[in-house]
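Asker: Mind looking over this structure? Questions follow.
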């Protein structure tokens, strides 16, 4: 089988990581599968050493999103037909090419969440609206849609005009062989990994922990993720005026994914404050390391972890503080750690690949 991959609108983040893991694990499961990946050079570099993968790019695909869509609309069909693809998979959710059969995947909930996008600029809101229109158009024209969670399926399926075949297939994660979590007796270290975006509520987490430190609690906070101007500038102003806080709160910015594990190993409590997600890969990864997690009361976050008093309102600083304080005892942390580590075993790349390929074959 030859599977075409249209990754015109995939560049970084979870979408890139999913594509890399999906293709590698497909080849591992079935050596007879070949891929034709149409994307930018940054994505294609991940597959340069795989003999089962042919990578194709052009000038349009290495420019902005608009030119990438033009390439998809007018050129991609030629690439896939010329390479005798049996089907095309568009994991980025948008596919405007005339090639058939094709399958799409819903990975981005933000265009479908009006509450979360209201805090973005006018032009960003227009962009999200266009993405929603194009994704719904692609979903309705496809041979099938893959959803990551029941939550995403319910929200988006209700907005689709056609009855299209669909399946729920969560992403897999790299499984740790052992639960690495240990109680730290010297400091209580909280870790939050997320780019600085309005719906990620990085500033609220910062302010909540700052208040706890000022109140006398021995807590450290590490924030990892690409900084913005608005939230980070407010943090920087607070830290500049208080040396004690500078020693307790570290805003590290974006760091390479391969370096993240050393921060997991020194974490007492993992915090995830995003209010809009499809299936947060970073939460699954933290679970696989056995980290205790507190998170928002919204789906799908509240569906991934199970324990008492671990959910908060990410817009309420006092609620974040209260939830942190309720989850600082050793016995509670160990119970959460064991539960999360076991739950992470439900997210296997082997299952993802088998279910996805079976879905393709039964609908072409």
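Asker: What is the gain in length, in nm to one decimal, between residue 137 and residue 254 on full extension, counting 0.36 nm per residue of separation less the C-alpha to C-alpha distance?
Answerer: That works out to 38.7 nm of additional length.
Asker: Still on this structure: By count of other Cβ within 10 Å, fewest leading, how are 160, 306, 105 ordered?
Answerer: If I rank by nearby Cβ atoms, fewest first, I get 306, 160, 105.
Asker: Return the whole-Å distance between the Cα centroid of segment 33-62 and the Cα centroid of segment 226-257.
Answerer: 37
Asker: How much length is gained on full extension from residue 243 to residue 49, taking 0.36 nm per residue of separation minus their Cα-Cα distance?
Answerer: 65.0 nm
Asker: May I ask you to derive the relative contact order of segment 165-319, considering only C-alpha pairs under 8 Å and at least 6 residues apart, and to give it as an integer percent?
Answerer: Dividing the mean separation by the residue count of segment 165-319 yields 30 percent.
Asker: Hey, another quick one. Within a 10 angstrom radius of the beta carbon, how do 88, 251, 238 rank from fewest other beta carbons to most?
Answerer: By the 10 Å Cβ count, ascending: 238, 251, 88.
Asker: Is the shape of segment 200-296 rounded, prolate or oblate, going by the alpha carbon gyration tensor and its root eigenvalues a ≥ b ≥ c, with a/c under 1.5 for rounded and a/b larger than b/c for prolate?
Answerer: In terms of gyration-tensor shape, prolate.
Asker: Students often check this: by mean Cβ neighbours within 10 Å, which of 183-189, 323-329 ranks highest, and how do the rest follow?
Answerer: Order by mean packing, descending: 323-329, 183-189.
Asker: In nm, give the distance between the simple-model label positions of residue 217 and residue 315, each being 7 Å from the Cα along the Cα-to-Cβ direction.
Answerer: So the label points at residue 217 and residue 315 sit 2.3 nm apart.
Asker: Given a Förster distance of 51 Å, report the FRET efficiency between residue 335 and residue 81 from their Cβ-Cβ distance, rounded to the nearest 0.05.
Answerer: With R0 = 51 Å, the Cβ-Cβ based efficiency is 0.40.
Asker: Most exposed first by the Cβ proxy, i.e. fewest other Cβ within 10 Å, how do 181, 217 rank?
Answerer: Fewest-to-most Cβ neighbours within 10 Å comes out as 217, 181.
Asker: For segment 160-212 and segment 110-136, write down the distance between their C-alpha centroids in whole Å.
Answerer: 22
Rule-based calculations on the coordinates, nothing more; no lab input. These numbers come from a predicted model, not from an experiment. All Cβ positions, even for glycine, are placed from backbone atoms using ideal geometry, and neighbour counts span all protein chains on display.
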